[in-house]
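The values are calculated or read from the model by the stated rules, or taken from the named source; none is laboratory data. Quantities reported herein were computed from a predicted structural model and do not represent experimental measurements. Ligands, DNA and RNA are excluded from the accessible area calculation, which covers all protein heavy atoms including side chains. Shrake-Rupley method; radii C 1.70, N 1.55, O 1.52, S 1.80 Å.
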Amino acid sequence: MLKSVSCAVALLMSFAIAGTATAEITIKGKNDQQTRVDGAVTNIAIGSETVAEQNLSSNVGTVSIGGDNKQVTEIDGAVTNIAIGSKSKAMQNISSNRSL
Amino acid sequence: MAVHVIDDCKRLVLIAAILGLPAQVCAEVQQRTSIRGAAANMAVMGGEAVSSMSSGAGLQQGNSTQSSYVNGVVINGAIGPGSHSSVSLSSAHKVRGSNIQLSSFKGVLVNGSALVAKASVQIASVAGDVSGSNTQIANVSGAVVNAAALAAKSTVQIASVGGNSKGTNLQIADVKGAVVNGAALVAKADTQLASVGKNVRGANKQVAVMRGAIVNLAGAAALADVRVASVGGSVNGANSQSAVVAGGIVNLAALAAKASVLVASRPGSVGGNAQSAFVGGGVVNIAAYGRSSTVEIGN
């Protein structure tokens, strides 16, 4: 019954795609991040030293959580994250908090 | 909605920031992932492939529930020099307080890496220390295959704690199917089910039910280690380790290697502890070229 993708998630995803994944995230209040995927989400980066980063209902940065926090992801289908190239990185975060 | 910030929590966040700990979770946290289908994460010719599902980094304090329900396929790999691949399902780095890691996995999980690589799979596990009242439960049916190559290290942890366990903690692993763990050449292969890597203090329980095969390999100059409902260090308090193994554990290793299998056992000192083990089926343990092979069941 997940209908919405929260603004926070959408923002994080766009940051990840833009490659500026150095956010300092402090959540002090009630936080709800929900994602539902019916179908496929594919993220591919090709080239030397590239980074493919895929974040669904996740917080990436210096994460501090001081309130109630809920992160839910439902996937009916496939999520794919691929980096091709020397020294490349593929980072996939689903309902997770990852520190840089 | 009321903002819910605990004063102690603020202090802990500050302390963690001073100490340089990367992440702080200090409240009611729920992380849930449900997958019906496939999740793939790969770095081809590259350095690192990291896949986290309902998992956290750093120190988690307070009440947290991390759950994952997978019905399908999870593929993670890194192929290339110096590569590193890891998959975390409902897992944490270090926890304090009242935390639950829960995972129900049905299907196939393949984790890779090659050359000077490291491959790790964590399912409902905590990599470091645990204190407070914590529970790790994993129900795995299907296959978990973990590999690595050349000077590599491969680790599979299911409902396990890598560090010390202090308080009232419970680890339960119910595994039906095959867990194959690899490594090659100057490598190390570790498989842990409902186990604690270091010392245990308090009222802790490790329970493992296994129906099927664990094959744990290694290679030249390698170490192969399987632990089922076991503790790596000393045990102090009212602890118990119980294991039912209906099926086979095959543990190998080769050349200058060491192979060990612990089932409901702890090699360190004991204060108030019970071990029970039922093995219906075979445990085969092999090593080569004069190096040690150890099997301990209910010790």
At 1.4 Å probe size, what's the solvent-accessible area of B:PHE278? Round to the nearest 10 Å². 120
Cross-link pairs B:LYS106/B:LYS258; B:LYS94/B:LYS176; B:LYS166/B:LYS258; A:LYS87/B:LYS153 - those with Cα-Cα distance over 24 Å: B:LYS106/B:LYS258; B:LYS94/B:LYS176; B:LYS166/B:LYS258
Counting just the Cα atoms, what span does the range B:24-141 cover along each of its three principal axes? Round to the nearest Å and put the largest first. 41, 28, 18
Going by accessible area, probe 1.4 Å, with all protein chains left in place, what is the ranking of B:LYS205, A:LYS89, largest first? B:LYS205, A:LYS89
Any idea of B:ARG211's accessible area? Nearest 10 Å², probe 1.4 Å. 90
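What is the ratio of the Cα radius of gyration of the range B:83-242 to 2.2 N^0.38 Å, where N is its residue count, to two decimals?
0.97
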Expressed as a rounded percentage, what relative contact order does the range B:59-108 have, with Cα pairs under 8 Å and six or more residues apart? 60
Span from the the range B:163-197 Cα centroid across to the the range B:226-299 one, whole angstrom: 11
Ordering B:GLU48, A:GLU53 by the accessible surface of their heavy atoms, 1.4 Å probe, largest first, yields B:GLU48, A:GLU53
For chain B, count all C-alpha to C-alpha pairs, find those more than 24 Å apart, and express that count as a whole percent of the total. 50
Kirkwood hydrodynamic radius of the range B:155-283, from inverse mean 1/r over distinct Cα pairs, in Å: 14.4
